[in-house]
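The next block holds one structure in the form of structure tokens; read it before the comments.
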Amino acid sequence: MPQAYRGVFPVVPTIFHADGALDLEGQKRAIDFMIDAGSEGLCILANFSEQFVLTDEDRERVMRVVLEHVAGRVPVIVTTTHFATHVCAERSRRAQEMGAAMVMIMPPYHGATIRVGEAGIFEFFRRVSDAISIPIMIQDAPVSGTTLSAPFLARMAREIANVSYFKIEVPQAAAKLRDLIALGGEAIVGPWDGEEAITLMADLDAGATGSMTGGGFPDGIRRITDPWFAGDREAAMDAYCRWLPLINYENRQCGLLAAKALMEEGGVIRCGAPRAPIAPLHPATRAGLVEVARRLDPLVLRWGR
């Protein structure tokens, strides 16, 4: 098996002009900043990328531009989630053809009530796996409304060829990571932390080997993970305590707009607006985010100046 991916793989925001059109030059600048800030890999077209406001054509353009612009500098995970098995499989196949290192997929769901049982979920991931030869990361997140037990996830890791990475975003993620690792053994290649790293230290203690965060301050997350992986837990905890207020502000106040607000403030991009119907950040919320960030001096506030 190839060497496992590990470390900080932030989600890349999708950059728009003020009128909602894709800003592909801004997209490239966001990529360059995130790599310069220490991202060990990237994830595109995720929920924090506003994937749900993109057309299929938009997705294709963003994927192509990002993968061509990254040009192998870091591995890129492409989110290919879709309810329909054949659509998800085709999206995943296209991502692999264009150079994706991995795909990230949520279990099939639609709206508040339409769900698929375990047998259907297993078959969904099996068929997607059969269509590709790169790893699959299962995104275990509350937004799907689907319970994925640790025994079920471990079974899929053991029995489906390319299912080997897991982004755990549910409450008590650390406990689930411990259970998953214990049940799945070597089949669990990548037990990863999610949810903007708000539970990062607990998740690292539980055995997480990667973290998928927002894209605004990868350098700050590296201050935590680098000493952790070097065996210096005390330094990692000190850094976690310093950066947690900013992580918390992103997670609890700003959500997916935090990274773009910081990139706009630091001159990385011209416009940090979302695409309608998502509302822009309230000016007071944005000001609070920047105030907390300035106390830490992340690269995002200096990179474009």
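Each reported figure results from applying straightforward, stated rules to the coordinates on display, with no laboratory input. The structure presented is a predicted model; accordingly, all values stated were derived computationally and were not measured. In this analysis, Cβ positions are derived from the backbone assuming ideal geometry, glycine residues included, and neighbour counts consider all displayed protein chains.
Assorted remarks:
- Stokes-Einstein diffusion for region 65-113, with the hydrodynamic radius set to the Kirkwood value over Cα pairs and evaluated at 25 °C in a medium of 0.890 mPa s, equals 211 µm²/s.
- Once the Cβ-Cβ distance of Val290 and Glu159 is raised to the sixth power relative to R0 = 51 Å, the FRET efficiency obtained is 0.60.
- The charge dipole of the chain, taken about its Cα centre with unit charges on the Cβ atoms of Lys, Arg (+1), Asp and Glu (-1) only, comes to about 140 debye.
- Choice from Ala119, Ala154, Ala89 with maximal GNM fluctuation in the chain (Cα, 10 Å cutoff): Ala119
- Stretchable slack from Ala175 to Gln3, in nm (0.36 nm times residue separation minus alpha-carbon distance): 59.4 nm
- Residue order, fewest to most beta carbons within 10 Å, for Phe83, Phe52: Phe52, Phe83
- Three-way shape call for region 7-301 based on the alpha-carbon gyration tensor, with the a/c threshold at 1.5: oblate
- Normalised convex hull volume, region 214-257, alpha-carbon set, Å³ per residue: 55
- Cβ crowding within 10 Å ranks Lys176, Lys167, Lys260 as Lys176, Lys167, Lys260, fewest other Cβ atoms first.
- By the helix-only formula, in which each DSSP H run with n ≥ 4 contributes -39500 (n - 2.57) and the sum is divided by residues, the chain has a 222 nm mean residue ellipticity of -13500 deg cm²/dmol.
- The alpha carbons of region 210-305 give a radius of gyration and a Dmax of 13.9, 45 Å, in that order.
- Each Lys or Arg adds one and each Asp or Glu subtracts one; over the other residues with Cβ under 11 Å from the Cβ of Leu54, this totals -2.
- Between Arg126 and Arg242, the modelled labels are 5.0 nm apart [label points 7 Å from Cα along Cα→Cβ].
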